[in-house]
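Participant: So that we are looking at the same thing, I have put the structure below in structure tokens.
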Amino acid sequence: MKYTTLPKTDIKVSKICLGTMTWGNQNTQDEGFAQMDLALDKGVNFFDVAELYPVPATAETYAETERIIGNWFEKTGNRDKVVLASKIAGPGDYTAHIRTNGFSKDALNDAVNNSLKRLKTDYLDLYQLHWPERDTNMFGVRDYTHNPNDKWDDNFNEILHNLDDIIKSGKIRQVGISNEKAWGTMRYLEESKTNNLPRMITIQNAYSLINRVFEGDMAEIAMREEIGLLAYSPMAFGVLSGKYIKGTAADNARLKLFPRFARYSSDKATEATKRYMKIAEDNNMTLAQMSLAFVTDRPFMTSNIIGATSLEQLNENIDSANITLSDEILKAINEVHAEIPNPAP
């Protein structure tokens, strides 16, 4: 396994991060336990969760993933071996069953305290805001359209002050953002610099062969401001395994169970995926290995969040950390990207 540190800290993390959002829905507790055992054995020391997991989020399954991880910590005593990240749910109809007061002081305290109880730990190494409160383009919406009726008030400073209080209490060590845009990222960094407030050190956004939107303004921010990307959906909901094209997807595959998650399934995305598959096969590797190796090796990448529903998938995904793509393969990838750029934003 390869390791790095969370930006501007001495917290050592594996370049592969274990994603957990299927546990409690697509995967049972026992399967989640087995995945954590295997990941830790293979050198993965970084786990990412969120209070709303598993996905799709429902009131019936709310926070089940955190409970599974907490039960594993209780059973194994492995909390000190894991760098643990979680998130407060963003606002909206999708999460109204959790709370409706956004990232207010009460909301942040409620979210952190309850996550700690479920996870059976005294602290979180990284705590993230799952998505912005304001109206902006995210989750596959390509372009920003301003909403003049957006009722959001600029509260970056207030949020950082409230997070500062929680950090000082010892309940969280570092903070990060997720599904954020260039403007929001810079506003958080500006408030931190100007007012000596906690600094967002990571950003968790989608990034894959068929979604390289991060390489625009966000990549420059990541490099110049030292805010590391934690890439989610590097396999594009499993599309970049090739299993949907080949017709080999298991019955519990994400897009079979939840076909409404069509973010990565457009005609253009499928065409690009077929071309990436040929590059991989021509170079004696699986599309999954090539897709993950590409993401892990980007200069702005802190850790690549992989997920799996089987131990076989998990093994392959973790082992991708040991693959370095040649200049010839990268050239071929970029030729496809130039012709079919970001078909699944």
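Participant: Are any residues in segment 302-312 under 21 Å from THR273 (Cβ atoms) and either part of a strand (DSSP E or B) or open to solvent by 10 Å² or more (accessible area, probe 1.4 Å) (or both), and if so, which ones? Break it down stepwise before answering.
Facilitator: Just the residues of segment 302-312 that are under 21 Å from THR273 (Cβ atoms), to begin with: 304-310, 312.
If the condition is that a residue be under 21 Å from THR273 (Cβ atoms) and either part of a strand (DSSP E or B) or open to solvent by 10 Å² or more (accessible area, probe 1.4 Å) (or both), then ASN304, ILE305, ILE306, GLY307, THR309, SER310, GLU312 are the ones that fit.
Participant: Here are some residues: ALA262, ALA308. Which one is modelled with pLDDT of 90 or more and of a type in the set (A, V, I, L, M, F, W, C)?
Facilitator: On the way: ALA262 fails: modelled with pLDDT of 90 or more.
Going through ALA262, ALA308 in turn, the sole match is ALA308.
Participant: Residues in segment 223-239 that are open to solvent by less than 10 Å² (accessible area, probe 1.4 Å) and either at pLDDT 95 or above or in a strand (DSSP E or B) (or both): how many? Spell out the reasoning first.
Facilitator: Let us first name the residues in segment 223-239 that are open to solvent by less than 10 Å² (accessible area, probe 1.4 Å), namely 227-231, 234, 236.
Filter again for either at pLDDT 95 or above or in a strand (DSSP E or B) (or both), leaving 227-231, 234.
Final tally of qualifying residues: 6.
Participant: If you scan segment 87-140, which residues turn out to be assigned to a helix (DSSP H, G or I) and among the basic types (Lys, Arg)? Can you show your working first?
Facilitator: Initial filter on segment 87-140 (assigned to a helix (DSSP H, G or I)): 93-95, 105-119.
Listed by number, the residues that qualify are LYS105, LYS117, ARG118.
Participant: Oh, and also: Quick check on this structure: which one of TYR127, TYR144, TYR123 is over 30 Å from ALA344 (Cβ atoms) and aromatic (Phe, Trp, Tyr)?
Facilitator: Being over 30 Å from ALA344 (Cβ atoms) and aromatic (Phe, Trp, Tyr) holds for just one of TYR127, TYR144, TYR123, which is TYR123.
Participant: Report yes if some residue within segment 322-342 is out of contact with any Asp or Glu (no Cβ under 6 Å at 6 or more places or on another chain), β-branched (Val, Ile, Thr) and under 30 Å from GLY24 (Cβ atoms); otherwise report no.
Facilitator: no
Participant: Of the residues that make up segment 177-187, is at least one at pLDDT below 95 and outside any loop (DSSP other than H, G, I, E, B)?
Facilitator: Going through segment 177-187, the residues at pLDDT below 95 turn out to be none.
No, segment 177-187 has no match at all.
Participant: Next question, about the same structure. Could you pull out every one of the strands (runs of 3 or more DSSP E) wholly within segment 1-67 that has 2 or more residues that are at negative phi, hydroxyl-bearing (Ser, Thr, Tyr) and open to solvent by 40 Å² or more (accessible area, probe 1.4 Å)?
Facilitator: Details: elements: 3-5, 12-14, 16-19, 46-48.
Once the strands (runs of 3 or more DSSP E) in segment 1-67 are filtered for at least 2 residues that are at negative phi, hydroxyl-bearing (Ser, Thr, Tyr) and open to solvent by 40 Å² or more (accessible area, probe 1.4 Å), what remains is 3-5.
Participant: Here's a follow-up. Condition test on GLN289, is it assigned to a helix (DSSP H, G or I), modelled with pLDDT under 95, under 23 Å from the mean Cα position of the chain (by Cα) and of a type in the set (S, T, N, Q)? Steps first, please.
Facilitator: Values: assigned to a helix (DSSP H, G or I): yes; modelled with pLDDT under 95: no; under 23 Å from the mean Cα position of the chain (by Cα): yes; of a type in the set (S, T, N, Q): yes.
So GLN289 does not fit the description; no.
Participant: So for segment 78-87 (the condition being surrounded by 15 or more Cβ atoms within 10 Å (Cβ to Cβ), acidic (Asp, Glu) and modelled with pLDDT of 95 or more), does at least one residue qualify?
Facilitator: No, segment 78-87 contains no residue that is surrounded by 15 or more Cβ atoms within 10 Å (Cβ to Cβ), acidic (Asp, Glu) and modelled with pLDDT of 95 or more.
Table: residues versus (1) surrounded by fewer than 14 Cβ atoms within 10 Å (Cβ to Cβ); (2) under 30 Å from GLU64 (Cβ atoms); (3) in contact with a Gly (Cβ under 6 Å, 6 or more places away or on another chain).
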site	(1), (2), (3)
LYS117	yes, yes, no
ASP125	no, yes, no
GLY140	no, yes, no
THR202	no, yes, yes
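The values are calculated or read from the model by the stated rules, or taken from the named source; none is laboratory data. Please read all numbers here as calculations on a predicted model, not as lab measurements. Cβ: placed from backbone, ideal geometry, glycine included. Neighbour counts: every protein chain shown. Just the protein is used for accessible areas: all its heavy atoms, side chains included, with ligands, DNA and RNA removed. Shrake-Rupley method; radii C 1.70, N 1.55, O 1.52, S 1.80 Å.
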